Amino acid sequence: MLIAGNWKMFKGPAEAGAYCRALREAELGSCDVVVCPPFVSLAAAVAALAGTEIAVAAQNVHWALEGAFTGEVSAPMLRELGVYGTIVGHSERRQFFGETDETVASRVRAALEHDLGVIACVGETGAQRAAGETEAVLARQVEAIAAASPGRGQLVLAYEPVWAIGSGKTATPELAQAAHAFIKTILDVPVLYGGSLKPDNATALLAQPDVDGALVGGASLEVESFAAICREAA
Ligand code: 13P
């Protein structure tokens, strides 16, 4: 089981360091734990978690090694910081920052080539689900990622239905299981669930046979609730 906390645009370096020092002391059980702070807080998180099993990942990565790409960060830059992996293709990147299946694929390919672990996100919107397009959308998104990851490397997917993110409307365990099983028919790697996952609904979701962990947003921002989810997973 892998439990990853996506902090999104929360916690600068001071707050990130304090959180990670508290996380070191927390009871997490025996699952794999990853925190994903904003770029500016990665170094503080790496320093605070040194010598622990808790990994630090970024929230995005560019496909080039360096170049005229204002506002972007490359895989070697992340590696130099001691960052082990990155999220790619989060629906907030796709919705608000013009990320496409093509740019997601380029980022996945570059990250894997430079030995970063990748959590690649897919998921349908509420309108797409209502229109019966869920499987077509997931197939398109997953196929783009599969084509960019021939050797797979350290790749996991995250199924994050857009309508469940930050909405309090969690997917039912049955709905999540069906989506995860469908995704694995296209690309057989571990699949995390994300979308309003909290300590009190984690157990049923994580008990599904094809749910291999969680990508947690809001509930990862407090050490107590994040640690509680890790213990449920373990
Ligand atoms: P919430 O857990 O806040 O719904 O966010 C999920 C998510 O987007 C994780 O990447």
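Summary of computed values
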| quantity | calculated |
| --- | --- |
| Pairwise FRET efficiency - E113 versus E143, Cβ, R0 = 25 Å, nearest 0.05 | 0.80 |
| Listed residues Y159, A64, A139: farthest to the positive end of the dipole of the stretch 54-179 (Cβ charges) | Y159 |
| Quarter of Cα convex hull surface for the chain, i.e. mean projection, nm² | 11.5 nm² |
| Accessible carbon and sulfur surface of the chain relative to its total accessible area, %, 1.4 Å | 54 percent |
| Mean accessible surface per residue for the stretch 88-195, computed with a 1.4 Å probe while every protein chain stays in place, in Å² | 40 Å² |
| Simple spin-label estimate for T100 and R152 in nanometres, 7 Å along Cα-Cβ | 3.0 nm |
| Solvent-accessible area per residue, Å², over the stretch 1-54 with all protein chains present [probe radius 1.4 Å] | 47 Å² |
| Estimated inter-spin distance, E174 and E25, nm [label 7 Å along Cα→Cβ] | 4.5 nm |
| Ranked packing of 7-14, 44-51, 29-36, 156-163, most packed first, by mean Cβ within 10 Å | 156-163, 29-36, 44-51, 7-14 |
| Contact order normalised by residue count of the chain, Cα under 8 Å, 6+ apart, percent | 22 percent |
| Relative packing of 189-198, 221-230, which averages over residues the other C-beta atoms within 10 Å, highest first | 189-198, 221-230 |
| Volume per residue that the Cα convex hull of the stretch 1-122 spans, once the total is divided by residue count, Å³ | 105 Å³ |
| Among 54-62, 18-26, 78-86, the order from most to least packed when residues are scored by Cβ within 10 Å on average | 54-62, 78-86, 18-26 |
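The values are calculated or read from the model by the stated rules, or taken from the named source; none is laboratory data. Only a predicted model underlies this, so the values are computations on that prediction, with no experimental measurement involved. Note: ideal-geometry Cβ built from the backbone for every residue, glycine included; neighbour counts use all protein chains shown. Please note that ligands, DNA and RNA were not included when accessible areas were found on the heavy atoms of the full protein model with its side chains. Shrake-Rupley method; radii C 1.70, N 1.55, O 1.52, S 1.80 Å.
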